[in-house]
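See below for the structure under consideration.
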Amino acid sequence: MGWRQGEKSPGQKLVLAILIGLLLAIPLFSVWALVYDRQSQSEVAQGSITEGWGGPQAISGPVLAIPYSYTRNETRVEDGQRITTAREVEGELLLSPEILELDLQLAPERRARSIYEAVVYEAGAEGIARFAFPPDLDRYKVDPDSLRLDDAELRFGLSDPKGIGADPQVAVNGVAQRLQPGGGSKGGSGFFAFVDASSLRDGVIVAEFAFDFRGSASVGLVPTAGRTQFGLASSWPHPSFIGGFIPDEREISGEGFSATYRIGNLALGKSLVSLDSQPGTPTIDRSGGRVMTAEPMALVDLIEPVDLYSRVNRATKYGFLHIGFTFLALLMFDVIGGRRIWGVAYLLVGAALVLFFVLLLAFAEVIGFAPAYLIASAAIAALVTAYCAAILKSWRRALAVGGLLALLYAALYILLGLEEYALLIGSLMIFAALAAVMYATRNLDWGRAGDAAEQNA
């Protein structure tokens, strides 16, 4: 750019500053893309950390699966005649417990690879489930005599079975059971046991169980019982209670958290008996890093208190404010203070402001967000101040620009911690800046070319 700014009118200088600011949108959008790219790399690295350990976990069951047979009439047309035949069909009655009590203890830890970290945990589950036939079993049109109770299966579901511990224990009516891999003889994820459920004819079945498993990021329960009491405790101080249910009681402190869920069958919206399909089998959504299931679930995320990528991304969205405020300060020194500023100077100062977000991201991945923010903001403020001292021919004016930048960085840091009031505070800042510019330029002839000092006279 080979022109002198002082040879143009204040209005032309304003238009030039705006155009350069819009030009800087290109590298600013590139920074956003860089943040998302680094976040994706972080998720891949976290996935590799937890790959051999265990992913997000959700427990389902126990469910008692009872095979039975029934007659199905099938009609077909042959030679114009309708022919009906009876065929013996195998079915499966799935019985959820009347009462389920489950206690879960989580022992979390951080695991790192290079500059990336993942939160993993070891969990111990203990519980008791009580099964009984509902009094309205007849409405399911299942002949009780066709139920093969001695071939029943007691099924436990776990979303990532490679995290199951070495020695799970299950006892039915006080008798220890031999466990099999899989969510049942028909497949699935988890483990099961072949049991003799004959005692259901005249009474109940009580299943006691205890097993350990490993996982990462989140843990949940898919409730299916008539009455579920789910207790959860951990030393992790930053839980996020999400999913279809929230705890009835919870305590959170710096030492960890505890929560208790009490969930009734009416809240689930389904019967304790179902036919031929396993309800609530959880699956892992690898893209979101969270367990997903078609059934409502009580889910707890072991979140990081500071997600540096989301904070850097939010900070970058305020990049236009930084550029705008700084360009306004330079423009005021130009059109009012009489200091001629080349268009290239706006471009270099804007590039430094964009570089702040790259430095913030690079340092935050290594030393954390807060110290990275301090280093990046101090470096850019010092750089811009030193450059402005040269182009404005005055350290006093340069320090004013540097002070403005320091205030902007301080305000931005506060905004990042005040999500609910960020819009309000940001809009008030813009209002204050606009009012100041309007007051300072109230007597300025924006269309008159010449020296700024003369224009302001």
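The values are calculated or read from the model by the stated rules, or taken from the named source; none is laboratory data. Bear in mind that the values here come from a model prediction, so they are computed numbers and not experimental data. When we count neighbours, we look across all protein chains shown, and the Cβ atoms used for this are built from the backbone with ideal geometry, even at glycine. Heads up: the accessible areas ignore ligands, DNA and RNA and are worked out on the full protein's heavy atoms, side chains in. Shrake-Rupley method; radii C 1.70, N 1.55, O 1.52, S 1.80 Å.
Going by the conditions given, is Arg262 over 19 Å from Ile99 (Cα atoms) and assigned to a strand (DSSP E or B)? Spell out the reasoning first.
Details: over 19 Å from Ile99 (Cα atoms): no; assigned to a strand (DSSP E or B): yes.
No, not satisfied.
Anything in the stretch 187-207 that is in contact (Cβ under 8 Å) with a residue 24 or more places away in the chain and not small (Gly, Ala, Ser)? List them, or say none.
Within the stretch 187-207, the subset in contact (Cβ under 8 Å) with a residue 24 or more places away in the chain is 188-201, 203-207.
Residues satisfying the conditions are Phe191, Phe192, Phe194, Val195, Asp196, Leu200, Arg201, Val204, Ile205, Val206.
Can you tell me which condition Leu64 does not meet? The list is (1) open to solvent by 10 Å² or more (accessible area, probe 1.4 Å); (2) at pLDDT 80 or above, and all the others hold.
(1)
Is it true that Ala398 is surrounded by fewer than 17 Cβ atoms within 10 Å (Cβ to Cβ) and part of a helix (DSSP H, G or I)?
Taking the combined requirement at face value, the residue does not satisfy it.
Of (1) surrounded by fewer than 19 Cβ atoms within 10 Å (Cβ to Cβ); (2) at pLDDT 90 or above, Tyr121 satisfies all except one. Which?
Of everything listed in (1) surrounded by fewer than 19 Cβ atoms within 10 Å (Cβ to Cβ); (2) at pLDDT 90 or above, Tyr121 misses just condition (1).
Would you say Leu407 is open to solvent by 60 Å² or more (accessible area, probe 1.4 Å), part of a helix (DSSP H, G or I) and at pLDDT 80 or above?
So Leu407 passes the test.
Going residue by residue through the stretch 416-438, is there one that turns out to be in a helix (DSSP H, G or I), of a type in the set (S, T, N, Q), in the same structural domain as Phe325 (by the TED database) and open to solvent by 10 Å² or more (accessible area, probe 1.4 Å)? Steps first, please.
Kept after step one, since they are in a helix (DSSP H, G or I), are these residues of the stretch 416-438: 416-417, 422-438.
Keeping just the survivors that are of a type in the set (S, T, N, Q) gives 427.
Among the residues that remain, those that are also in the same structural domain as Phe325 (by the TED database) are: 427.
From what's left, open to solvent by 10 Å² or more (accessible area, probe 1.4 Å): 427.
The answer is yes; a qualifying residue exists.
Suppose we filter Ala166, Ala112 for residues that are open to solvent by 60 Å² or more (accessible area, probe 1.4 Å), in contact with a helix residue (DSSP H, G or I) (Cβ under 9 Å, 6 or more places away or on another chain) and more than 22 Å from Lys270 (Cα to Cα); which single one remains? First the steps, then the outcome.
On the way: Ala166 fails: in contact with a helix residue (DSSP H, G or I) (Cβ under 9 Å, 6 or more places away or on another chain).
Going through Ala166, Ala112 in turn, just one is open to solvent by 60 Å² or more (accessible area, probe 1.4 Å), in contact with a helix residue (DSSP H, G or I) (Cβ under 9 Å, 6 or more places away or on another chain) and more than 22 Å from Lys270 (Cα to Cα): Ala112.
Any idea which of (1) in contact (Cβ under 8 Å) with a residue 12 or more places away in the chain; (2) open to solvent by less than 80 Å² (accessible area, probe 1.4 Å); (3) out of contact with any Lys or Arg (no Cβ under 6 Å at 6 or more places or on another chain); (4) farther than 30 Å from Ser42 by Cβ is the one Gly183 doesn't satisfy?
(3)
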